[in-house]
1. Most mobile of A:201, A:15, A:128 per a Gaussian network model of chain A (Cα springs, under 10 Å)?
2. What nm distances, shortest first, do you get from the label point of residue C:142 to those in the other copies when the point sits 7 angstrom along Cα to Cβ?
3. Using only the Cα atoms of the protein assembly as shown, what are the Rg and Dmax in Å?
4. Rounded to a whole number of µm²/s, how large is the Stokes-Einstein D of region D:1-141 at 20 °C and 1.002 mPa s, given Rh as the Kirkwood radius over C-alpha pairs?
5. Mind giving me the FRET efficiency for residue A:139 and residue B:198? R0 is 41 Å, r the Cβ-Cβ distance, nearest 0.05 is fine.
6. With 10 angstrom as the radius, rank C:148, C:170 by how many other C-beta atoms surround their C-beta, starting from the fewest.
7. Starting from the Cα gyration tensor of region B:16-57, multiply each eigenvalue by 5, take the square root, and state the resulting semi-axes largest first in whole Å.
8. Take the eigenvalues of the Cα gyration tensor for region D:65-151, scale each by 5, and report the square roots as semi-axes in whole Å, largest first.
C-alpha cells in the first residue's frame, strides 16, 4: 500500500493512534458533560420538595442530552471520513487537534446553558461554540477531501459535492439558530435540539458506504 | 467477508472504532464515579472524630461500588453481544449512542443516592435511571438480534429466546426494586446491590460462547 | 489457536476489549488524580505570599506523584500478566472488575492524604486502600496462574513461585506500612513513597519475558 | 521480527497497550483542561453584564487553548518517536510513566494561570511545569535513541543529531520564557502561546518519515 509513487510526498502517520487519541477525546468530552450537573441540596426537604428540586435539574439533563448527541454526531462523521483513509499528514493532525479542542470545550457552554438557559448571551454563546466546532470539522473535511479523496478518487465527484453541501450546512444552521435567539430564545433552544437529531439520520457518506460495499 | 450478497444492504462501519468509543465511555463513566465522593472536612478533629467522619462516607462508597458493578455488567454484556458481529449499521450506532448517554449519566443519580440515601424520590430516581439504561440496552439487543443474529443465524433460535428473557428481566427488576421503595427504602437499596451482582454470574450468551468455541 | 481440546471448557472473550477497557480505567484513574489538587486563593496576595501558598500545595503534589506511580505499577504488572494469555474467562472478567474498582477509588484516599497528611486515620486509610488494591491484584494473579499459566505451562513452575512471593509481598508491605503509622506517621508516608518506587524496578516476570524472547 | 539475536537482551512489551495507555492519558489530560474553567455567576444580571462576565472568562479560554496545544505537541512527538519501534523495555516504561505524570499534571498550572495570570509566581510556575514536562520528554528521547534507534540504525545519525537539538531546545525555550517573566509577565505569556504553535510545524522526524516512506 506504500509502494505507489505519490505516497512519497505524504508522510504516513499510523491511523491507529490518530483514531485512538481522537476517540479518547470524543469519549471523555461526552462523559464529562455529566459532571456539570450539580446535585441539588435536598437536606431537610420533604419528598414533594425533593421531587420539585429534582425536576429543576431537567434543563441540565436536556442540555446534557443535546450536547451528547452533538458530539456523537461529530464522532460518527469523523469516523465515516477517516474510514476511507490509510494515512494522515501533519496538516490533518493539526486541524484535527483544533477540532478536538473545540469538541473538548463543549462541556463549558453546556454547563452554562443548563444553568442560565434564559440568558440571551449564554444561548448565543452555546450556538456559536457549536458553530465554531462545525467550522473546524469543515476545515478537516475540505483538507481531507482535497488531499486524499480527490487525489485517490476514493469517492465519485458527485457524491463529494453533495456531502460538502451537507457538511457546510451544519455550522451554518447553528449560526442561524444562534442569531434567532435575538427574536426568541426558546426558538433557538428548540433548533439546538433538532439540528443534531436531524444529523443522526443516515448521511450522504453513509449511503455511499452502503453502495460501495 | 464482504463478498456475500446480503452485506450490500448493510453499510459497514468498522467495529474497531465503534468498540473503542464505547469502551472509552464505559471506562470513563465508571472512573468518574469516584469524583462524586467528597472529602469530609477533617481540620481540627481528633483521631476518633476523623474516623467517625470517614465512616460517614460509607454510603458513598457503597453507591460507588454498586454503580461500578452496574456499568461493568452492561459493559460485559455489550462485549458479549458485539463479539458475534463484524459490521455495524447506522441504526446500531444511534441506539448505542443513546445507551452510552444513559451509562454516562449514571454518576449523577449515584452521587445523589450516596448523599441522600434516605430520600424516597432519590431512591426511586436511582432505580429509574438504571431501568432506563437497561431498556436502552434492550433496544440495542432487539435491533442487533433481528438485524444480524437472526439473519446470519449466528446463535441457535432457542438460545436467543432464553437470552432475550434474561435481557428483558434486567430493567424490569430495577422497575420492581424502584417501586418497592414506596414500601421500604432499605429493601430497594438491598435489591439495587443484589441485581447487578446476580448478573455478574455467567449469562446465557456466555454459555453459548463456551459451547461454540 | 482454538483447535486444542481444552480450550472448549474456557469461554473466550476477546483480550482486545478486555485490555482496552482496563487500560482506559487505569489511564483515567491516573489522570483524575490532578483534579483533587485544589488551586489556592491567590487574590490580593504579594508575590512572596503567593509563593508561600503555592509551596503549601507540595503535599498534594507528593500524594499525586505517589498514587500515580502506585497505579502505574499495577498497570505494568497487569500488562505483563496478560501478555501471556490469549483468552479470558468470566471469572477473570469479574475479578478484574473488582481490581479496577479499587484502582478507580484511589483518587479519593489520595485527595484525603494530600489534605490531611498529619491525620492518623487518613494515613492508615490510604495504606489500607492500597493494600486492598494489592490483594485484588493477588486474586487476579492466583486465578490467572491456576487457570491458564499452570494448565498451559506458559512459565516454568519455579518462576511462578518466585513471582507469587513477589506479588503477595506487595499488599503485605502496605499493611505493614499502614500499621507503622501508629508509631510514626512520617515513617508510613516515607514507606508509601518507597514501596511503589521499589516495584518500578524490573520484576521477576519481566526477567522471564527477557529470557524467553 | 523476534528471531534476530540482539532482541534477546531487550524484554519485549507489546507496544499496543503501551500506546493505548499513553494515548489515554494524553486524551484525558487534554479534555480535563475544560473542567478548570468555572462558570461565572450570571444570576440577576442584565444581558450586557452577562456578556461582560463571559468575556472575563477569556484568559481561561486562552490558557485552555495553549495547554491543549502543548499537550497535543507532546502527543504528536511521542507518536512519531514510537512509530519506529517494535518493542519497549522496562526503562522506557518507567521514563514514559514519569512523562505522563508531568503531562497529567498540566491542568493544574493551567487552572492557576487562567485565574491568576498577572501573578509572577504563577506565570513562572506554569513555564517551569512545561519545562519539566519537556525535560521528561528529553529523557525518553535520549533513552529510546541510544537503546533502539542507534542500535538498529533506524534513522541516519545526521538526522538524529538535528532532531536532538530540536528536542533539547523545547524545554530550554520554556525556561527562557519563564525567566523573562521577571522582566515582563506579558512577554512570557506571549512566548508560552508561540512556542507550542511553532512546534506544530512539521518537525525533523516528520521530514525523515516523509523521505523514508
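1. A:201
2. Result for residue C:142, in nm, nearest copy first: 4.5, 4.5, 6.4.
3. Looking at the protein assembly as shown, its Cα Rg and Dmax stand at 26.7, 78 Å.
4. Value of D from the Cα-based Kirkwood radius: 124 µm²/s.
5. 0.25
6. C:148, C:170
7. Result for region B:16-57: semi-axes of 38, 7, 5 Å.
8. Square roots of five times the eigenvalues give 29, 12, 10 Å.
Values in this text are rule-based calculations from the coordinates and carry no lab data. Only a predicted model underlies this, so the values are computations on that prediction, with no experimental measurement involved. Glycine also receives a Cβ, built like all others from the backbone with ideal geometry; neighbour counts cover every protein chain displayed.
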